[in-house]
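What follows is one structure encoded as structure tokens, with my remarks underneath.
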Amino acid sequence: MTHYPDAILKLISSFSTLPGIGRKTAERLALHLLHAPDHEASTLAADIIELKRSVRICATCFSLSDQEICRICADPSRDPGVICVVENPADLAAIEKSRSFTGCYHVLGGALSPIDGIGPDDIRLKELFNRADPRKVREIIIATRTNVEGEATAAYIHERLKSRGVTLTRIASGVPMGGDLQYVDPLTLQKAMEKRYDV
């Protein structure tokens, strides 16, 4: 790729730092922008600058917001007495797309992972425990992932909050609708067997 001018090589290198973008995709993106109309490249650059300038963390739930309080926390139709705990804003977005939850959220900003040096003080657990006031909160739904880190985080939250007088629940996990058992991973099958129900 050394036959490209330095400006293209620099942009390819920048795109390559993005998650899921390899060198070939980065090269295609850089060449696309080179041949795109000036206004398209200018709009993209302006959108990136605006993103960095305006997006912040909600002071209540720690999700992404363009105001001090995010739209969900500020929505009077949401139930503040039910808090769904997720690892990151992408998990929150996935639940919102399902349109199955009308409460509020708490975004931890990660999961416990001692092997990676992530302990209770490295994610927003203290803030969650401060919010878990039984006079204001009836239920906390733990919606961390079902991997080792997510399960460890869920167990830690349960242990710390079980005596608070707040109902603690964990989202169900198991075989997806239409899923073929031979393609389901062992941990998912284990959870599906543990959470079986009467029919």
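In Å and whole numbers, how far do the C-alpha atoms of the chain stretch along each principal axis, longest first?
Rounded to whole Å, the extents work out to 64, 46, 35 Å.
Give me the lysines in straight-line cross-link reach of K24: C-alpha distance below 23 Å, same-chain residues under 8 apart excluded.
Straight-distance partners of K24: K10.
Packing-wise, with mean Cβ within 10 Å as the measure, how do 131-139, 107-115, 57-65 rank, highest first? It would help to have the intermediate numbers written out before the result.
Working: 131-139: 14.4, 107-115: 17.7, 57-65: 19.7.
Descending packing order for the listed peptides: 57-65, 107-115, 131-139.
So which residue, out of L189, L11, L92, gets the largest mean-square fluctuation from a GNM of the chain using Cα contacts under 10 Å as springs?
L11
Based on the mean of other Cβ atoms within 10 Å per residue, sort peptides 28-41, 70-83, 146-159 so the most packed one is first. Mind dumping the intermediate values first?
Working: 28-41: 12.4, 70-83: 14.8, 146-159: 17.3.
The peptides rank, most packed first, as 146-159, 70-83, 28-41.
In whole angstrom, and with the biggest value first, how far do the Cα coordinates of the range 1-51 range along each principal axis?
30, 24, 15
Tell me the mean residue ellipticity at 222 nm calculated for the chain from its helices only (DSSP H runs of n ≥ 4, each -39500 (n - 2.57), averaged over every residue, nearest 500). Display every interim value, and only then the final one.
Working: 8 runs with 85 residues, N = 199.
That calculation yields -13000 deg cm²/dmol at 222 nm.
Lysine pairs in the range 79-199 with alpha-carbon atoms under 22 Å apart, 8 or more places apart or on different chains: how many are there? Could the numbers behind the result be given before it?
Details: K126/K136; K126/K162; K136/K162; K162/K191; K162/K195.
Qualifying lysine pairs in the range 79-199: 5.
Laboratory data are not the source of any read-out in this text; all were calculated from the coordinates shown. Everything numeric here is computed off the predicted structure, so don't read it as measured data. Counting neighbours? That spans all protein chains shown, and the Cβs are built from the backbone with ideal geometry, glycine included.
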